[in-house]
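What follows is one structure encoded as structure tokens, with my remarks underneath.
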Amino acid sequence: MNIDLTARQGGGEKLGDAVTGAIGNLTLSQKLDDHTAALAYLAANSSGAVGAVGFCFGGGEVWNLLAAGADLKAAVPFYGPQPSNYQDIGTKNKAATLAVYAEQDTRITSTGPQMEEQLKRSGVPEQIMVFPGVNHAFHNDTGARYAPDAAQKAWVATIEWFRKYLA
């Protein structure tokens, strides 16, 4: 399930190139309210074991959910930027978390040790994976940085993570 955080402004398709600005104008609270509503819907219409995966901005949104203590069983943020309140992950996170990073994406990957520290503090199953020789967006098969071997390994690890922790 994808969440359109700009639905109240007409939705991403209608906004076109303006969607980034519209998302940038949302507060963390507004985004978390929408995410929480989506998670509640999924929990009510499924087995109740809900996980989240996100890439880039979406990876950052997964980190935001973990910092907010969202009702997730498992999470996999792909090269998501560290939230400003990342230390809340250490006390609020409930989800088994596999964090995927790209070695050459030093701006984001450099925060990995801090994120790992918070995950360890939270006491949940956690793993940090840094894929060597690839850059941000290595999983995006429509972009110039696409690295098919690393993307496949990361996706297999993601599916295995969810199979283990969403059961």
key: Sequence of MET115, MET129 when ordered by accessible area, the most exposed leading, probe 1.4 angstrom   = MET129, MET115
Global geometry of region 94-167, whether rounded, prolate or oblate, following the gyration tensor of its Cα atoms and the 1.5 cut on a/c = oblate
ask   = Give or take rounding to whole Å, what are the principal axis extents of the alpha carbon atoms in region 29-71, in descending order?
value = 27, 20, 14
task = Provide the net charge surrounding ALA70, with neighbours chosen by a C-beta distance below 13 Å and charges set as Lys +1, Arg +1, Asp -1, Glu -1.
result = -1
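Given the alpha-carbon gyration tensor of region 1-97, what are the semi-axes of its equivalent ellipsoid in whole angstrom, ordered largest first, with each equal to the square root of 5 times an eigenvalue?
Details: eigenvalues 97, 54, 25 Å².
Whole-Å semi-axes of the equivalent ellipsoid: 22, 16, 11.
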key: Residue of GLY133, GLY69, GLY59 that the Gaussian network model of the chain assigns the largest fluctuation, springs spanning Cα pairs under 10 Å   = GLY133
task = Provide, as a two-decimal number, the C-alpha radius of gyration of the chain over 2.2 N^0.38 Å, N being how many residues it has.
result = 1.01
message = Two decimals, Cα atoms only, Kirkwood Rh: what is Rg/Rh over region 50-124?
response = 0.92
ask   = Just the accessible area for GLU116, please: 1.4 Å probe, Å², rounded to the nearest 10?
value = 60
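The values are calculated or read from the model by the stated rules, or taken from the named source; none is laboratory data. All figures in this text were calculated on a predicted structure; none of them were measured in a lab. Glycine also receives a Cβ, built like all others from the backbone with ideal geometry; neighbour counts cover every protein chain displayed. Heavy atoms of the whole protein, side chains included, go into the accessibility calculation; ligands, DNA and RNA do not. Shrake-Rupley method; radii C 1.70, N 1.55, O 1.52, S 1.80 Å.
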